[in-house]
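Some notes on the structure that comes next.
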């Protein structure tokens with residue numbers, strides 16, 4: 001039976017990526033499938049896989065078709081998390097596709113991979 005696995009991020013510096021994503025999302029590296037070119041990050045209590053990191057030589061895409069959205073519940077939490085992530089090594093990137101009054105902030109991880117911090121309190125209702 002086919003089932004969804006985990007999102008995988010291509011990185012050029014594995015130790016730096018492990019440190020950033022572990023601290024950013026309270027994840028823990030595991031030895032499962034570990035190699036020089038792969039690291040699985042699990043939920044901190046080791047209850048589930050959360051993210052894969054894979055060495056990659058391909059360039060970062062400026063506007064990737066697939067990216068991570070990290071959720072928060074208020075503008076204050078969004079601002080605090082953006083600052084925390086910047087302190088961990090994320091960077092603000094110029095994003096030319098912001099809508100008017102966006103509910104998200106676009107950052108890049110230390111490898112330059114874009115991701116969003118989304119304030120769910122400001123997201124459109126469905």
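No value in this document is a laboratory result; all are computed from the given coordinates. Since this is a predicted model, take the numbers as computed values, not measurements. Because the Cβ atoms are built from the backbone with ideal geometry, glycine has one as well, and the counts that use them run over all protein chains shown.
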Original post:
Antiparallel as a % of all DSSP beta bridges within the chain, to the nearest 5?
Top reply: 65 percent
**OP:** State the extension gain, in nm to one decimal, for the chain segment bounded by residue 71 and residue 55, taking 0.36 nm per residue of separation less the distance between their alpha-carbons.
**Re:** 3.2 nm
**OP:** With a/c under 1.5 counting as rounded, go ahead and sort segment 68-122 into rounded, prolate or oblate using the C-alpha gyration tensor (a ≥ b ≥ c being the square roots of the eigenvalues; past the cut-off, prolate if a/b is larger than b/c, else oblate).
**Re:** oblate
Subject >> Share, in percent, of DSSP beta bridges within segment 68-122 that are antiparallel, nearest 5 >> reply: 60 percent
Subject >> For segment 59-100 and segment 1-31, distance of Cα centres in Å >> reply: 17 Å
**OP:** Just need the relative contact order of the chain here, percent rounded to a whole number, with Cα pairs under 8 Å and 6+ apart.
**Re:** 25 percent
**OP:** Would you mind computing, in nm to one decimal, how far apart the modelled labels at residue 63 and residue 123 are, each placed 7 Å from Cα along Cα→Cβ?
**Re:** 2.3 nm
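From the square roots a ≥ b ≥ c of the eigenvalues of the alpha-carbon gyration tensor of segment 8-55, which class results: rounded (a/c under 1.5), prolate (a/b over b/c), or oblate?
Cα axes put segment 8-55 in the oblate bin.
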